[in-house]
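We did not get these values from a lab; they are worked out from the coordinates using the rules stated. In this text the structure is predicted, and so the values were computed from the model without any measurement. Here the Cβ is made from the backbone with ideal geometry for all residues, glycine too, and neighbour counts use every protein chain on show.
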C-alpha cells in the first residue's frame, strides 16, 4: 500500500506544512520510497530511453551514434551543416533551418531541429538563447541523431530532391552565427571588391585567417543594401556614410585590398535568378565594434539566465532520512563566467526538475521556487581536464531537506543560487500538464460547416 498520492497533495498545498507532515507520516506509518529511489541510482539510463533491443543492436553494429543521458557526446561524431533560421519555438528549444545544399537554396523546405539540453548557442560572439536570434540569420550547426526518437520533440523528415537538405542529425549541440564561428576559429572575412549601384551593391569576399591567408577555396559574392549596418568603433554607420567620406564609391567598383572584417550573414530573395547568394546584414570593421556587440549580447543573455535558472544534470544522489538528500550535479556550459561565479561553497541553492526542453516542471501561481528543493551548497569544484562541449566542467553538491521526484541521476534540472531574483515563468515555459497542442492547436479547433 502506498501513501504517495496523499503526500503529493500535501506538498502541493504547502511546502512548509509538507516538511512537518512528511516526517510525521514516516514515523507513524514507516512508509518510504527510498528503495525505489535507490534502484533508480543504479540505472545508468532513463526509463524513457525506449529503443527496442533489436534497434540498439543494429545501431551498435553499424556504428550509428546517439547521445546517451548522463554523458556529453564527442564533438567529432557530430554532423556539420549551415542554413537559414526560418522558424523558432523558443519555449520548446526547437526551430527550423533551411539547409544550404548545391541546389537552389529557396527550394529547400525548412528542416526541424531541436537543441540538446546542454546545447551551446552563440550569437555575435556571445552566449544566446534561440529567442535572441532574428529569423533569416544564417547559422552553423553541429548535430547528432535524436537520443531517443520516440520522445523527440521534432520529427526526422526527408527531402524529395536532396537528402542533404534534411539531415537525420537534427539534435543540435552547437548553433552559432557567422561572427561567432569566425571568432571561435580565429577567422575573418576579407573584402576584396565592392560594387555599388544606388542604394545596394555586391561585396566580393573570401574567408581567411587573421594573418591574411586565404582559407576558402573560392571567392563568394554577397549582397548588401542601405539597411546594412556598418559598425566602426562605437559608431553605427550606413552605406551613405562611407560613400560621403570617400571610403566607398558612390557608383561602380572599387578594390578593398582584402580588408579584414566580420560579417553578419542572412538570406533574402536575390534578383537576377541567382540560385544561392547570401546577404550582409552587419559589417564589423574593427575589434572594438565586435567586442561591443558581444558585450551587449552577453549582458542580455546573463540577465535572461538569472530569471530562468541554470541548466544542469544530476550526477548522483545520496539519500538520507525523512526526505533529506545530497545532490551532485554538473552545470552545463556555454554561459558567461559571472553566472558560474555566483555558485559559492557555503551559499544556498534551489533546484527543480526540468524537461529535456529545459522547461521547469513547476511554475504555478507561486513560481518555480515554491516546489524547489533547496539547501546549502556543500562544494563547488572544477573537474579535471578540458570539459567537453556542453559541460562547464563545474560540479556542485547541494544538501536538501526535501528531495523531489524530478531530481534523480541523469535527469535534467534547473538550479540557481539563492541570491538570484525569485521570478515567475511565463505560462509557456513550464509544464504543469500542458501539451504541444496547447501551443500549436490542430485543425480540429476550427468549426465544421
Simple spin-label estimate for residue 288 and residue 405 in nanometres, 7 Å along Cα-Cβ: 5.8
Potential lengthening between residue 422 and residue 214 on full extension [0.36 nm per residue; Cα-Cα distance subtracted]: 69.8 nm
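With r defined as the distance between the Cβ atoms of residue 270 and residue 87 and R0 fixed at 22 Å, what FRET efficiency is calculated, to the nearest 0.05? Write out the running numbers ahead of the final one.
Values: r = 21 Å, r/R0 = 0.96.
So the FRET efficiency works out to roughly 0.55.
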Normalised contact order of segment 110-237, rounded percent, pairs of Cα under 8 Å and 6 or more residues apart: 22
Extended-chain gain in nm, criterion 0.36 nm per residue less alpha-carbon gap, residue 378 and residue 316: 20.9 nm
Pairwise FRET efficiency - residue 106 versus residue 304, Cβ, R0 = 30 Å, nearest 0.05: 0.35
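Quick check: convex hull over the Cα atoms of segment 53-183, volume per residue in Å³, rounded to an integer? Walk me through the numbers on the way to the answer.
Values: hull volume 16.0 nm³, N = 131.
Once divided by residue count, the hull of segment 53-183 is 122 Å³.
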Separation of the residue 342 and residue 221 label points, Cα + 7 Å toward Cβ, nm: 5.0
Pairwise centroid distance, computed over Cα atoms, of segment 169-213 with segment 300-344, Å: 36
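Evaluate E = 1/(1 + (r/R0)^6) for residue 244 and residue 75, where r is the Cβ-Cβ distance and R0 equals 60 Å; express this FRET efficiency to the nearest 0.05. Intermediate results must be reported in sequence, preceding the final value.
Values: r = 46 Å, r/R0 = 0.77.
Approximately 0.85, to the nearest 0.05.
With the cut-off at 1.5 for a/c, could you classify segment 186-297 from its C-alpha gyration tensor as rounded, prolate or oblate? Could you put the intermediate results ahead of the total?
Details: a/c = 1.37, a/b = 1.11, b/c = 1.23.
Rounded is the answer for segment 186-297, as its axis ratio a/c remains below 1.5.
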